[in-house]
């Protein structure tokens, strides 16, 4: 059970603003600890992100209820034997003070307290919490939609979801403090990863060095770390390959501070030296990333940033001779997606894909929907940016067999010789490169929270295997 | 999706033996990936332990069905986009070969394949899996009993559970290979933890050094690591305290190899030197541990080992002058539980408390039940040991305010002056000590899988802060 690091006024203000946006009564479920393989062996507890935003504390089995402008928490009292196993827990009064709610009440009063209220809620991600929520509120959502955000919402619930999106997509100072701390954790992790890299080691050794920096700081991994010499597989969570000279190592790993995420990708050469072909691709990706970051400004539509990244990447690929044609027209046809199939980024905040539990409600502006075009269909965000909104910018280039060997996707570009496979084969030592930063939209220039993490080709190469600088060393 | 490391014949043999013990048809659910905070951000997937025992692979959403002596797996086919994100997955034929089942079939054939069968099953721990299981089989278990093992079983299900207990409580060679590997991971972790310890560091720094050794080996934590200067709180999962000279650091951390657990506790002085009082308590705990380990032999009732540990600890406390009286009589009265409130250990295998998802069905011999006496009520195991059974042996001494300040528990021993609080106060720099190993019962002498991890007082003290030896170093 963690207390909020910040003053209770932060959460009072957030709840008041929520109340200004949506009529109460509302109810938000914190979630419950989940067993790993039996009841006493629980996974680390992390409360639901909406709950964390409004309460700031990882309170297991807690429920937040707002009505008539007042907010209460309902929680299970601590069982008698508990102090021996877990130490003395804060009492209900201390929890009320630290979170700023008017009262903390025992959960067995919950049903009576809710009687007759027409409560707005958002469906919980955790199935066990959702089933409790469904039974308490007498409504259901499809079990097959758990966590996908595709549960259809009634109008009261939709209003609550929209209000949460409005609040959470513009970060306040307390949020930014955590987001900056998470970025510092990611900095330490990526530096340790670069330092610990060396030929003959396993991917998991580098992963260990990175995650040890998070753990040492009391932080979590915001998501499963990708540490792979096969970056062409986009979500490669295997870590057993041996690093070899000539490989590029793609690392997508981010720390989470008090629930707030960072999301960072760097790609570096195992040997400490890029080959000429690797450097050429790397510089293309970096150019696209810098051009995209520069567009993170108020009033810009995010899809236009995606488009800009596609055009810069395509210009680079035309320069190499891999693609033939006019870059803008090639992007219109989707040729870039042969090597850059995913979106340029997403919202980031308490969730690494922020508020993705609500589906595209947060990511897509009102009335806008995902395209079904290959490439564009993986774009998780299309909104007009505002000051305080934070996004990732993460272009990449990949030689993915699943795409390049797919006749339906690649065939049209083979047939009209847009794609020069002979030229592409010369770049076979570049399997996957991605460069990703977390960028805050401000009234002025974009604020890159992860800017301290080296990303110039010479910079990252210089860090590799620098064991003298390593906080966490290497094991063979 | 992991393939088994061993030959399919291992799993064929286990399933055949299960079939000899319980009539089919039976159905075992592997479980499904669980979202962390939204659907695409899943927690690391670990299949249900019964499924892992019989199939050996972490196959998400898979179901094992045995009938008429033949075994089939049902799984969801890989979606079309999947290879781009996750690489090419093994096909159904490859999975069938590697696990030795006769066929792998798509899950949409499951309902039809089960029609009319009276299937034995054990309730899944994961709520989402359990609700699928309940709907598929048309039976229910109480949601409030999730994972607690207290769900009442029908006679067919009880027979399956008993057969699984009979098999899994005697480890075969394939199991022992993994259990020994897990013990090696724990050795590396504890050594790194000792090396990384130093005054002024945070507990989380030592935790990071330990877990990095697990991660580097591709292993998981078998349970949430305890790394604390407040060992008097038995399940202390906080890691934010600063280590100070004079503190003892209690570390209960174990690696898990391919699902198989280890469970190890060591306690060492932050400064590298035990105070005389710390050393005196340490030697008492170590004596109790060695005496208990020596009793792990075929035909011995585990509760008698617990009793022996209590007596040796009490003898030590009488020698220090903290308790007064005859040790055997003191143990009869439960005086030892003031400083040793928990049980001497538990089964260990795929689960760190092996098969605790079945409640006390695995831990307690037929007809035996837990005592309600303070101390004995936390004894998780009371069986007659057999060759091939593995247990932990983990005595400790703790000055827990939750016990010593509890008038109901401590009052009787204060009133008749059995407990000398003035003497006890002289040991106030010993908050908590535990020493724990994993011990295999064999036909001959007990086989301590974790024996290579230093545990003599001088040995552990010599390891502390030996940064020169550290694989993973230290961060301030």
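Assorted remarks:
- Residues of the stretch A:33-54 satisfying the condition of being closer than 27 Å to residue A:21 by Cα and either more than 10 Å from every other protein chain (Cβ to nearest Cβ) or touching a helix residue (DSSP H, G or I) at 6+ places or on another chain (Cβ under 6 Å) (or both): A:50, A:51, A:53, A:54
- Within the stretch A:271-310, being under 24 Å from residue A:226 (Cβ atoms) and not in a helix (DSSP H, G or I) holds for A:271, A:272, A:273, A:274, A:275, A:296.
Each row is one residue, and each column tells you yes or no for (1) over 21 Å from residue A:315 (Cβ atoms); (2) modelled with pLDDT of 95 or more.
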site: A:418; (1), (2): no, yes
site: A:423; (1), (2): no, yes
site: A:426; (1), (2): no, yes
site: A:434; (1), (2): no, yes
site: A:439; (1), (2): yes, yes
site: A:443; (1), (2): yes, yes
site: A:448; (1), (2): yes, yes
site: A:454; (1), (2): yes, yes
site: A:469; (1), (2): yes, no
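- Inclusion of residue A:474 among residues that are at pLDDT 95 or above and either touching a helix residue (DSSP H, G or I) at 6+ places or on another chain (Cβ under 8 Å) or surrounded by 21 or more Cβ atoms within 10 Å (Cβ to Cβ) (or both) is not warranted.
- With respect to the conditions (1) more than 13 Å from chain A (Cβ to nearest Cβ); (2) in contact with a helix residue (DSSP H, G or I) (Cβ under 9 Å, 6 or more places away or on another chain); (3) touching a residue at least 40 places away in the same chain (Cβ under 8 Å), residue B:3 lacks only one, and its number is (1).
- Residue selection: residue B:164 fails the criterion of being crowded, with 17+ Cβ neighbours inside 10 Å, within 23 Å of residue B:383 (Cα to Cα) and free of Cβ contacts under 8 Å to residues at least 60 places away in the same chain.
- Given (1) surrounded by 24 or more Cβ atoms within 10 Å (Cβ to Cβ); (2) at negative phi; (3) within 12 Å of chain A (Cβ to nearest Cβ), number of the condition residue B:409 does not satisfy: (1)
- Out of B:31, B:19, sole residue that is touching a residue at least 40 places away in the same chain (Cβ under 8 Å) and at positive phi: B:31
- Being within 14 Å of chain A (Cβ to nearest Cβ) and touching a strand residue (DSSP E or B) at 6+ places or on another chain (Cβ under 6 Å) holds for only one residue in B:128, B:107, B:76, and it is B:107.
- Yes/no for residue B:316 being over 17 Å from the mean Cα position of the chain (by Cα) and within 14 Å of another protein chain (Cβ to nearest Cβ): no
- Residue match in the stretch A:55-64 (condition: touching a residue at least 60 places away in the same chain (Cβ under 8 Å), under 23 Å from residue B:37 (Cα atoms) and within 14 Å of chain B (Cβ to nearest Cβ)): yes
- Residues satisfying the stated conditions in the stretch A:321-344, i.e. over 24 Å from the mean Cα position of the chain (by Cα), farther than 23 Å from residue A:425 by Cβ and either within 14 Å of chain B (Cβ to nearest Cβ) or part of a loop (DSSP other than H, G, I, E, B) (or both): A:326
- Answer from B:94, B:83 - the residue that is within 27 Å of residue A:354 (Cα to Cα) and assigned to a helix (DSSP H, G or I): B:83
- Failed item, numbered, when residue B:367 is tested on (1) away from chain A (no Cβ under 12 Å); (2) modelled with pLDDT of 95 or more: (2)
The values are calculated or read from the model by the stated rules, or taken from the named source; none is laboratory data. Because the structure is predicted, anything quoted here is derived from the model rather than measured. Positions of Cβ are generated from backbone atoms using ideal geometry, with glycine treated the same way; all protein chains shown enter the neighbour counts.
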